[in-house]
Amino acid sequence: MIHAKKAFSRGTAIMGLSFALLSFPSEGRTQVAGSTTIGVSQEEMKVVTTGWSAKKDILGKAVYNDSNQKIGTVDDLIISPDRSVSFAIVGVGGFLGVGKHDVAIPVKNLKGEGKLMLSGATKEALKALPEFKYATKNQKKG
């Protein structure tokens with residue numbers, strides 16, 4: 001009998017708490033999991049579909065100089081902590097990845113649509129730049 005009274009009291013308390021929570025105005029409540037929109041709106045979708053794709057339009061694409069010579073390939077894009085695409089990692093030289101020299105190029109220096117151009121660059125000039133190396137986990141922390 002004692003167990004039944006405890007169960008009844010616990011059930012009554014839970015119902016009372018539920019009623020109290022439901023009776024508050026909805027403006028003051030925080031959002032419940034699953035109630036936040038996680039996709040894009042119709043208006044945002046227009047921007048998304050007319051934008052460029054890093055995978056299709058940038059990564060793996062050749063970079064040319066003013067003389068229309070291929071001087072490298074975009075291997076990666078670096079996104080800075082403020083979420084802006086700041087640098088392109090361009091691989092220069094090498095064969096099948098052997099002997100390749102990666103350099104960081106400010107994205108603002110790459111021009112063109114369909115064909116990426118780096119004005120004033122040569123393979124030799126890019127190879128003379130410091131080689132880009134990814135930070136290790138320890139370097140990223142501090």
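The values are calculated or read from the model by the stated rules, or taken from the named source; none is laboratory data. For clarity, every value in this text was computed on a predicted model and none was experimentally measured. Glycine gets a Cβ as well: all are built from the backbone with ideal geometry, and neighbour counts include every protein chain shown.
Summed over segment 100-123, residues that are in contact with an Asp or Glu (Cβ under 8 Å, 6 or more places away or on another chain) and in a strand (DSSP E or B) total 4. Among the residues of segment 99-122, just one is among the β-branched types (Val, Ile, Thr) and closer than 14 Å to Ala54 by Cα, namely Val107. With respect to (1) surrounded by 10 or more Cβ atoms within 10 Å (Cβ to Cβ); (2) more than 22 Å from the chain's Cα centre (by Cα); (3) at pLDDT 90 or above; (4) not aliphatic (A, V, I, L, M), the lone exception for Ser67 is condition (1). Yes or no: segment 36-51 includes at least one residue that is closer than 30 Å to Leu126 by Cα and either at pLDDT 70 or above or part of a strand (DSSP E or B) (or both). Looking through segment 36-51, at least one residue is closer than 30 Å to Leu126 by Cα and either at pLDDT 70 or above or part of a strand (DSSP E or B) (or both). Among all residue pairs at least 6 apart or on different chains, which show Cβ distances below 9 Å where the first residue, located in segment 97-113, is over 16 Å from Ile79 (Cα atoms) and the second is in a strand (DSSP E or B) and among the aromatic types (Phe, Trp, Tyr)? Between residues of segment 97-113 that are over 16 Å from Ile79 (Cα atoms) and residues that are in a strand (DSSP E or B) and among the aromatic types (Phe, Trp, Tyr), the close pairs are Gly112/Tyr64.
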